[in-house]
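Asks: Got a structure for you, written out below as C-alpha cells; questions coming shortly.
The values are calculated or read from the model by the stated rules, or taken from the named source; none is laboratory data. Predicted model, so just to flag it, every value in this text is computed and none were measured. All Cβ positions, even for glycine, are placed from backbone atoms using ideal geometry, and neighbour counts span all protein chains on display.
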Amino acid sequence: MQQQALTAMVAWMRLDTALKAFEASLKRDHKITALQLAVLHIVSERPHIPLAALRKALIAHPATLGQAIDDLRRKGLCQVRSNPEDRRARNVAITESGSELVAAVPLTGPMRLRDVEGEAERLVRLAPALGDAVELFGLAQWVGKQGR
C-alpha cells in the first residue's frame, strides 16, 4: 500500500508542477490566468454565451468569474453585452484580439481534452480517476456544490 501511495503522490506532484508552470507562463507571456484562458476557449466556441451558462460550465464563484471577465474586457479580449432576450442577463463574446490570443497559446490542460482523438478509453478512465483524486486527497470540501 505504501508503494502505491508514493507512486500516486509522485504522479500528482508531476501534474501539479506542470499545471503551475503552465499557469505561470500564461501570466508571464500573455498576462492572463488559466480561468481566463478557459473563458476565452468557451466563448470562442459559443459566441455570445450567457454569463450564467459560462459560470455553470466553469463551476466558478460569481465574483471570481466576474473579476476574470472584467479583466479580459479591460484588456480587449472579450465583450460583455446585455442579452437582447433578457435585459437582466449578460452575454459574453470574444474579440478578435481574444481569438488571436487563444490561437497563440498552446492547447494545454483540460481544454485540450476535447481535441484529443483516439484516446476514448483513457478519457473514460480519467474522469473517475480525477474524482477519486479529489476524494483521496481530502479536497472535496473545497470543490463547491456544483462540482460534487
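Asks: Does region 89-100 contain any residue that is over 16 Å from the mean Cα position of the chain (by Cα), without any contact (Cβ under 8 Å) to a residue 40 or more places away in the chain and within 16 Å of R55 (Cα to Cα)?
Replies: yes
Asks: Restricting attention to region 91-124, and to residues there that are of a type in the set (V, I, T) and part of a helix (DSSP H, G or I), which single residue is farthest from A24 (Cα to Cα)?
Replies: Top of the filtered list is V124.
Asks: Return the residues of region 61-90 that are assigned to a helix (DSSP H, G or I), surrounded by fewer than 16 Cβ atoms within 10 Å (Cβ to Cβ) and of a type outside the set (D, E, K, R); say none if nothing qualifies.
Replies: The answer is P62, A63, T64, G66, Q67.
Asks: Let me ask you something else. Please work out which one of (1) touching a residue at least 40 places away in the same chain (Cβ under 8 Å); (2) exposed (fewer than 13 other Cβ atoms within 10 Å of the Cβ); (3) polar (S, T, N, Q) is the condition T108 fails and give its number.
Replies: Only one criterion in (1) touching a residue at least 40 places away in the same chain (Cβ under 8 Å); (2) exposed (fewer than 13 other Cβ atoms within 10 Å of the Cβ); (3) polar (S, T, N, Q) is unmet by T108, namely (2).
Asks: Across region 78-136, what is the number of residues that are over 24 Å from P62 (Cβ atoms), in contact with a helix residue (DSSP H, G or I) (Cβ under 6 Å, 6 or more places away or on another chain) and not assigned by TED's automatic domain parsing to the domain that holds V39?
Replies: Here the count works out to 0.
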